[in-house]
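The values are calculated or read from the model by the stated rules, or taken from the named source; none is laboratory data. In this text, all values refer to a predicted model and were calculated from it rather than measured experimentally. Positions of Cβ are backbone-derived with ideal geometry, glycine not excepted, and every protein chain shown enters the neighbour counts.
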Amino acid sequence: MKKAQILVVDDESGVRELVGDVLGLEGYAVTIAVDGLDALSQIRKQKFDLYVLDINMPKIDGLVLLEKVRGAGDQTPALLLSARREKDDIHQGFRVGADDYVTKPFSIEELALRVEAILRRTQGSQVTNILRCGPISIDIDQHLVKFEDEIIELSPTEYNLLNFLVERKNKVVRKDALLNAVWGIDFENNSTVVETYISYLRKKFHRGGFEGIKTVRGVGFQIVERL
């Protein structure tokens, strides 16, 4: 199945990265925009299945952006991100066509559940998908990982790490990005936890000629389909 395409728009880099990483781990294809103008440019380039919009942004805020796209006939579902003090803006957001909202600070579980609920209502079974990288497949809906036809048992952390890498297959992922997305550590440190779990994954998946989990020294890690 085709992965749901989500546009995340927020002028705060930390929020953008967090939301993008969370939705990426959930199996969605994520595009990032740094403000409303950037979002309009991205919308002109491709079709999305969901917009995740921060309300309070410079240049074009989330409410004006949503009003513009609705005025152009674009009915793509929209989830608003709002500070708790902006209840009036939330009401305005619903008036201009928002589907739901999440208040900051939000839990990543709540965000993921609200996104899933919106897409389930608007797309039904279309949001199911399977990620693949060489002989590895990850069924997001069933939380099932296979190496060719063999089911591989993974711990929750192993699963999240593998999912994050496969979602970005063939790209080098920085160690600090993995620490943030998988372990919730938002700064680089001397921890060897990433290396430890990478070794666990290699023990389970490096076989039959496949050795696709790579270390890029001084940068991070990647998983590749072909050597």
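Can you name every residue in the stretch 120-148 that is assigned to a helix (DSSP H, G or I) and in contact with a helix residue (DSSP H, G or I) (Cβ under 9 Å, 6 or more places away or on another chain)?
Our first condition is that a residue be assigned to a helix (DSSP H, G or I); within the stretch 120-148, this holds for 120-127.
Selection gives Arg120, Gln126, Val127.
Could you check Tyr159 against (1) at pLDDT below 90; (2) touching a His at 6+ places or on another chain (Cβ under 9 Å) and say which number it fails?
Just one mismatch for Tyr159, condition (1).
Being over 17 Å from the mean Cα position of the chain (by Cα), among the β-branched types (Val, Ile, Thr) and assigned to a helix (DSSP H, G or I) is the filter here; which residues of the stretch 165-204 pass it?
Val193, Val194, Thr196, Ile198
Being surrounded by fewer than 18 Cβ atoms within 10 Å (Cβ to Cβ) and touching a residue at least 12 places away in the same chain (Cβ under 8 Å) narrows it down to one of Thr192, Thr196, Thr103, so name that one.
Values: Thr192 fails: touching a residue at least 12 places away in the same chain (Cβ under 8 Å); Thr196 fails: touching a residue at least 12 places away in the same chain (Cβ under 8 Å).
Sole residue among the options that is surrounded by fewer than 18 Cβ atoms within 10 Å (Cβ to Cβ) and touching a residue at least 12 places away in the same chain (Cβ under 8 Å): Thr103.
Which residue pairs have Cβ atoms closer than 7 Å, lie 6 or more positions apart in sequence or on different chains, and pair a first residue in the stretch 30-49 that is touching a residue at least 60 places away in the same chain (Cβ under 8 Å) with a second residue that is in a helix (DSSP H, G or I)?
Pairs found: Asp49/Leu119; Asp49/Gln123.
Looking at Asp49, is it buried (at least 17 other Cβ atoms within 10 Å of the Cβ), at pLDDT 90 or above and farther than 23 Å from Phe94 by Cβ?
On the way: buried (at least 17 other Cβ atoms within 10 Å of the Cβ): yes; at pLDDT 90 or above: yes; farther than 23 Å from Phe94 by Cβ: no.
No; evaluated as a whole, the condition is false for this residue.
Quick one: which residue in Leu63, Leu80 is over 30 Å from Leu131 (Cβ atoms), over 12 Å from the mean Cα position of the chain (by Cα), surrounded by 22 or more Cβ atoms within 10 Å (Cβ to Cβ) and at pLDDT 90 or above? Talk me through it step by step, then tell me what you get.
On the way: Leu80 fails: over 30 Å from Leu131 (Cβ atoms).
Answer to the check: Leu63.
Here is a list: Val102, Val115. Which entry is of a type in the set (Val, Ile, Thr) and either on the phi > 0 side of the Ramachandran plot or modelled with pLDDT under 90 (or both)? Before the answer, list the steps.
Numbers: Val115 fails: either on the phi > 0 side of the Ramachandran plot or modelled with pLDDT under 90 (or both).
Only one candidate passes the filter, namely Val102.
Somewhere in the stretch 205-222, is a residue part of a helix (DSSP H, G or I) and modelled with pLDDT of 90 or more?
Quick first cut of the stretch 205-222, residues part of a helix (DSSP H, G or I) only: 205.
Within this subset, residues satisfying the condition of being modelled with pLDDT of 90 or more are 205.
Yes: one or more hits.
In the stretch 23-46, which residues are among the aliphatic types (A, V, I, L, M), at pLDDT 90 or above and under 20 Å from Leu131 (Cβ atoms)?
If we filter the stretch 23-46 for residues that are among the aliphatic types (A, V, I, L, M), which is where we start, we get 23, 25, 29-30, 32-34, 37, 39-40, 43.
Adding the requirement that they be at pLDDT 90 or above leaves 23, 29-30, 32-34, 37, 39-40, 43.
Once the filter is applied, which keeps residues that are among the aliphatic types (A, V, I, L, M), at pLDDT 90 or above and under 20 Å from Leu131 (Cβ atoms), the stretch 23-46 yields Leu23, Ala29, Val30, Ile32.
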